[in-house]
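Have a look at the structure below before the remarks.
The values are calculated or read from the model by the stated rules, or taken from the named source; none is laboratory data. Treat the numbers as computed from the prediction; the structure is a model and nothing was measured. Note that we place each Cβ from the backbone using ideal geometry, even for glycine, and neighbour counts take in every protein chain shown. For the accessible areas, the whole protein counts, side chains as well, though only heavy atoms, and no ligand, DNA or RNA atoms are used. Shrake-Rupley method; radii C 1.70, N 1.55, O 1.52, S 1.80 Å.
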Amino acid sequence: MSVVLSLSGVSRAYPLPRRRLLGPRPMLQALSDASLTLSAGETLGIVGESGSGKSTLARLVMGFDRPDAGRITVLGQDINALPAPELRRLRAGFQMVFQDPFGSLDPRRPVGWSIAEPLLADPALDAPTRRKRVAEALEQVGLRPADGAKFPHQFSGGQRQRVAIARGIVTRPRLLVADEPVSALDVSMQGQILNLLSDLQAQMGLAMLFISHDLALVAHQCDRVAVMHRGRIVESGPVAQVFSHPRESYTRSLLARPETKSADNRELVNNTP
Amino acid sequence: MYKIRNLSLSFDGHEAVRSASFDIPRGARLGLVGESGCGKSITALALLGMAPASARVSGSIEIDGQEMAAAPERLWRSYRARKVAMVFQEPLSALNPLKRVGDIIAEPMRLHLRLDRRAARARARDLLVEVGIPDPEARLDQYPHQLSGGQRQRVLIAAALSCDPQLLVADEPTTALDAHVAGRILDLLKRLSETRDMALVFISHDLEAVARVTEEMLVMYGGDIVERGPTAQLLADPRHPYTKGLIEARPRLDALTLRADGAPRPRLASIPGSVPALADLPKGCRFAGRCPIERPACAGLRPAVSVLGPGQRQVRCLAPLLPAKVPA
Amino acid sequence: MPFLLRRLAGLVATLTGISLVVFAVMNVLPGDPALTILGLDSTEDARAALSAQLGLDQPVWARYLDWLGGILQSDFGTSYAYRVPVTELILERLPLTLTLGLLASILTIALATALGVFAAARHGKAGDWVTMILSQLGIAIPAFWLSILLVLLFAVTLRVLPSGGFPGWAEPLEALKSLVLPVTALVLVQASVLARVTRASVLEVAKLDYARTARALGLSPRRVMWGHVLPNALVPMVTVAGMQLAGLITGTIVIENVFFLPGLGRLMFQAINNRDLYTVQALVLLFASIVVIVNFLVDMIYLLIDPRLREGRS
Amino acid sequence: MRNLPVSLWIGGALVGVIALAALVSLVWTPQDFATVAVSERFQPPSARYWLGTDQLGRDVLTQLMVGARNSLTIALVAVGLGGALGTALGLLAGAKGGWTEEIVLRLADFSFAFPALLFAIMLAAAFGPSFANAVVAIAFINIPVFVRVSCASARQVWQRDYVLAARASARGGLAITRDHVLPNIAAIVIVQATIDFAGAILIEAALSYLGLGVQPPEPSWGRMLSEAQTLLFLAPQLTVLPGLCIVATVLGFNLLGDGLRDLADPRREKAR
């Protein structure tokens, strides 16, 4: 299996406001010395609590921000060493799905326009081709091609996330970064979106970076998992191994369930047919 | 203690809560579960007489024998904090940023219990100890922004407890918090309810949290209470198709469900479609249109409540699911 | 106190910047100040003599430093029209403008807070509507026209108040009487804007979670309003109040001319007509500095209101 | 489905009438505005002089119409110039962030030290009072207002996920500004322009009242009022109409702005 994404020794710190006028600027080490690899067709879960650095990791992988140290290689290219025009060409190969489907679509554009936006970078694609690709992408995510003319506010939250996924796959990327893709949705909708992501991954052989605070979702969706805590990857490995035999105390504390009485509640839950 | 009968709350003629009836006995821990827009939050506000001004309220809310549904605001005000108090979702924005923690907790006591400054402060410190905040003396003089998220939620709980209410309503109190902090807040709420013999209405979309805290739960969908029963029983053996769908939509984190490396990913169950807008809800069963076992009559006819078993379980469905095979 | 220090440094920088702009606009851009002062019909010789007298033969930066140095010793130069030190002219007229401005500021804030809270408390009811319609009108009326209408009513028709002029401080009662109409005109216009901001800000805060928390703890609407909502609503109110006071300060320039009050605004107007360059320059600098200092004080009020700022957070 | 706000109707009607009068004055006026006929002074309204004449026998209606034209022209040019420049700077600052934003915003803050009237007075003192100085002064003080508004809203747009998605789609800063930022802040900028229009009318009136704005023989509402004030005991009726015109125009633009804001953002509380 070919490696699609690899990080080696990636660190990023952000300055905080000064406490005193001419005092030193305190820094927040959002990410320190993170290394990981992700291959085609594989889903890697990044799990951690708020402030653990998982969103910083996503920003760096997407090239929205540059690391202070380390290398990020996407599809064999160091994205921070690449000249701008070449990075622009490479971008079709890695896309992102955001957490909040209300914020990730421009409210003033029909969704078809937003889905087509990633295609604008490729001068080889003319308008009819773009339209065809948008229609295909809409069908792939379970919407109708005619839905492309609608505006975001005309969709429900779940449908909007489908639109966002359509934009994520329209360039036929090799890597999809999904940052909490279902946590803004109602529980009853989450399954639909996760199943859709699984289907697309199988069809397209996508590598997926699945970022979530929700261990159950990660356990379900991912092949491997990296646990983050205070900017560090504290543990990583196959999901079954990490979650059933956690080595790090932090992972164990995340997995800790309510003790005593409620344990039997859980048992009953699991007996549900 | 609380007796709610046929409580309806409507906006522009659309019922956001449709003739809800339930009791809250002293010391009971009741879960109110549902997704966004199911009516759980405005039901909670109605328990304090704080439904939005644009809502039309009908039905009956009886508190200790006193009918309150149409009670004047002045009477409600005297009940708040002393009989019923509320904890909200977002602990930072729920606390006045310009007031010190001690003053926030002391204000209701000075107003309702007529305590003087010194006595109110002493009580506030005791309350901080009770809700598990270390170094309470120092915290009294701090501002909300100087506390962590979990501590803010504890301060909010302390303020709610200040006048010894008989009922605490907690609306998604842990949604804004990280998992391990949330767990401790849940345990705190449960402990407080037990030690104070105080009823707790716990509102959440999170079944695990509800299972952790409550004894009995109500499931709401589209303004209807679709199912109720003892929490453990109901989660183990849901009879309403919506409840079942909701339970199964969550993947379970459990050694048994973890796949071996390379094993195919199981599909997640999910409820088809999405929750309709208030104005587009079906007239009959609210779940019509998304229900896997729907019958032709469902969309037009509102099912009556069926009592299952020895009277503890109730479900509002024309054709409730059969009992699951519960191991002996 | 990093916030305070930063603001103080900013204040000094801004004041220096203002002096540069004023000097540049008045002295450098028009070309020959002597021409500005004496007018186009002046003779070459007269202009040359004046240039020498004013030290205009020196380089620009030297003239600026000279001027700035003088100001720091409260020497604004000599008025060409009155042949007296500008400082003397200013000090003579300052008390009137100061009284007018302070009276109007205090009444504006009091009236606007009362009206804004009143309208917000009766949100959607008749009292709210009437207040908002009146304030919309108040914003649209130019202060000088309102003044003329007030004069028509109270001075020309009812003859209870003077139509203009100032009897001097020797007769305090008469002096105050002559300030009634000017202050009214200033306050009604400025309070209209501030009342709307107050109302909007109060309504905004009242929607927030902590207002709901306060209600859920059984606090009365009055207590929620004065104890929780209004203090939080003050932050946007104070910001606008700061800009309002700037408007009020320039408003006095117009109003003094409507009522022929011998204050700084009237002096500025006369100085412009007399082409009294140094007096205008000093007055523009003074007014701009007052605006900046008022806004600086407004920032200091934030510190009193908001504990988060006291820690240097933004 | 969506009802237009009442304020939009009233504001639009007021602005419409004034703008129509100004437009008509371009091709036709009842009399020539500069013609002085002392023998015809203080005429009551008649078939010839619909609204009467002033102390120099000039037709009041004509003066009001041409005054409207002058007022609206100054406001249009000044707010247009200031708004365009300010918005451009604000967009730049919003897009670049960092030092660029810091410098632009500091400069904007700094220019708030010169209230419009004061700045105009300074220009009038240095260059002599004129129509052009009024325009420059009003345009200048409009720049920082638009810088602040457009920069703040542009920053908000830049933080939205759809802009990140556009960046992930290999779109450059200029394309994002054109395709996402500008359309999303346009409503706010237009509302601001409408409200600043009202402010510009008021400042022009005050400047002309002080004799520092529109110069004779060009008529202006502000100067009509200052001339009428000297005749307060003789002909109080002359103070009424110019004042009403100013109020109607300012009120009209303010209501229009409020109405547009409600249209752009229906969740906002309705303005009155």
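Structure data summary
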| quantity | calculated |
| --- | --- |
| Helices (runs of 4 or more DSSP H) fully within the range B:70-144 counting 2 or more residues that are of a type in the set (Phe, Trp, Tyr) | B:73-79 |
| Restricting the range C:118-141 to residues that are in contact (Cβ under 8 Å) with a residue 24 or more places away in the chain and not in a helix (DSSP H, G or I), the residue that is farthest from residue D:253 (Cα to Cα) | C:123 |
| Filtered residue count, the range B:31-55, keeping only those that are part of a strand (DSSP E or B) and out of contact with any helix residue (DSSP H, G or I) (no Cβ under 9 Å at 6 or more places or on another chain) | 0 |
| Residue match in the range C:205-226 (condition: among the small types (Gly, Ala, Ser), within 13 Å of chain B (Cβ to nearest Cβ), part of a loop (DSSP other than H, G, I, E, B) and open to solvent by less than 10 Å² (accessible area, probe 1.4 Å)) | yes |
| Selection from the range C:76-127 of residues that are of a type outside the set (S, T, N, Q), open to solvent by 30 Å² or more (accessible area, probe 1.4 Å), out of contact with any Ser or Thr (no Cβ under 6 Å at 6 or more places or on another chain) and under 16 Å from residue C:264 (Cβ atoms) | C:81, C:82, C:84, C:88, C:91, C:92, C:93, C:94, C:95, C:98, C:102, C:103 |
| Residue C:293 vs. criteria within 13 Å of the chain's Cα centre (by Cα), open to solvent by 10 Å² or more (accessible area, probe 1.4 Å), of a type outside the set (S, T, N, Q) and more than 17 Å from residue D:116 (Cβ to Cβ) | yes |
| Residue B:194 vs. criteria in a helix (DSSP H, G or I), among the charged types (D, E, K, R) and under 27 Å from residue B:315 (Cα atoms) | no |
| Test: residue in the range A:261-268 that is surrounded by 14 or more Cβ atoms within 10 Å (Cβ to Cβ), within 10 Å of another protein chain (Cβ to nearest Cβ) and either in contact with a Ser or Thr (Cβ under 9 Å, 6 or more places away or on another chain) or at pLDDT 70 or above (or both) | yes |
| Checking residue C:275 against (1) of a type in the set (D, E, K, R); (2) within 11 Å of chain D (Cβ to nearest Cβ); (3) closer than 29 Å to residue C:116 by Cβ, the condition it does not meet | (3) |
| Residue match in the range B:93-102 (condition: away from every other protein chain (no Cβ under 11 Å), at pLDDT 90 or above, within 21 Å of residue B:77 (Cβ to Cβ) and in contact with an Asp or Glu (Cβ under 9 Å, 6 or more places away or on another chain)) | no |
| Of all residues making up the range A:236-260, the number that are at pLDDT 55 or above and over 23 Å from the mean Cα position of the chain (by Cα) | 10 |
| Residue C:173 vs. criteria assigned by TED's automatic domain parsing to the domain that holds residue C:250 and open to solvent by 30 Å² or more (accessible area, probe 1.4 Å) | yes |
| Flag if residue B:65 is open to solvent by 10 Å² or more (accessible area, probe 1.4 Å) and at pLDDT 90 or above | no |
| Members of the range A:126-146 found to be more than 14 Å from every other protein chain (Cβ to nearest Cβ), open to solvent by less than 60 Å² (accessible area, probe 1.4 Å), part of a helix (DSSP H, G or I) and touching a residue at least 24 places away in the same chain (Cβ under 8 Å), listed by number | A:138 |
| Residue in the range D:148-160 that is under 16 Å from the mean Cα position of the chain (by Cα) and either within 14 Å of chain A (Cβ to nearest Cβ) or closer than 30 Å to residue D:26 by Cα (or both) present | no |
| Breaking point among (1) open to solvent by less than 10 Å² (accessible area, probe 1.4 Å); (2) touching a Gly at 6+ places or on another chain (Cβ under 9 Å); (3) under 29 Å from residue B:299 (Cβ atoms), for residue B:243 | (2) |
| Single residue of B:135, B:116 found to be away from every other protein chain (no Cβ under 13 Å), surrounded by fewer than 19 Cβ atoms within 10 Å (Cβ to Cβ), out of contact with any strand residue (DSSP E or B) (no Cβ under 7 Å at 6 or more places or on another chain) and under 26 Å from residue B:194 (Cβ atoms) | B:135 |
| Positions within the range C:258-289 being without any contact (Cβ under 8 Å) to a residue 40 or more places away in the chain and open to solvent by less than 10 Å² (accessible area, probe 1.4 Å), in sequence order | C:268, C:287 |
| Flag if residue D:264 is surrounded by fewer than 20 Cβ atoms within 10 Å (Cβ to Cβ), small (Gly, Ala, Ser) and under 20 Å from the mean Cα position of the chain (by Cα) | no |
| Of all residues making up the range D:24-50, the number that are more than 10 Å from residue D:66 (Cα to Cα), open to solvent by 60 Å² or more (accessible area, probe 1.4 Å) and of a type in the set (A, V, I, L, M) | 4 |
| Residue in the range B:185-211 that is most open to solvent (accessible area, probe 1.4 Å), counting only those that are at the interface with another protein chain (Cβ under 10 Å from one of its Cβ atoms) and over 18 Å from residue A:183 (Cα atoms) | B:187 |
| Residue within the range B:216-226 that is outside any loop (DSSP other than H, G, I, E, B), facing another protein chain (nearest Cβ under 10 Å), open to solvent by 40 Å² or more (accessible area, probe 1.4 Å) and modelled with pLDDT under 95 present | no |
| Restricting the range D:227-241 to residues that are assigned to a helix (DSSP H, G or I) and within 8 Å of chain C (Cβ to nearest Cβ), the residue that is nearest to the chain's Cα centre (by Cα) | D:239 |
| Residues satisfying the stated conditions in the range D:1-13, i.e. open to solvent by 50 Å² or more (accessible area, probe 1.4 Å) and closer than 27 Å to residue D:74 by Cα | D:9, D:10, D:13 |
| Any hit, the range C:128-146, residues being more than 30 Å from residue B:157 (Cβ to Cβ), more than 11 Å from chain D (Cβ to nearest Cβ) and surrounded by 19 or more Cβ atoms within 10 Å (Cβ to Cβ) | no |
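Each row is one residue, and each column tells you yes or no for (1) out of contact with any Leu (no Cβ under 7 Å at 6 or more places or on another chain); (2) open to solvent by less than 10 Å² (accessible area, probe 1.4 Å).
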position: A:178; (1), (2): no, yes
position: A:205; (1), (2): yes, no
position: A:209; (1), (2): no, yes
position: A:224; (1), (2): no, no
position: A:232; (1), (2): yes, no
position: A:242; (1), (2): yes, yes
position: A:247; (1), (2): yes, no
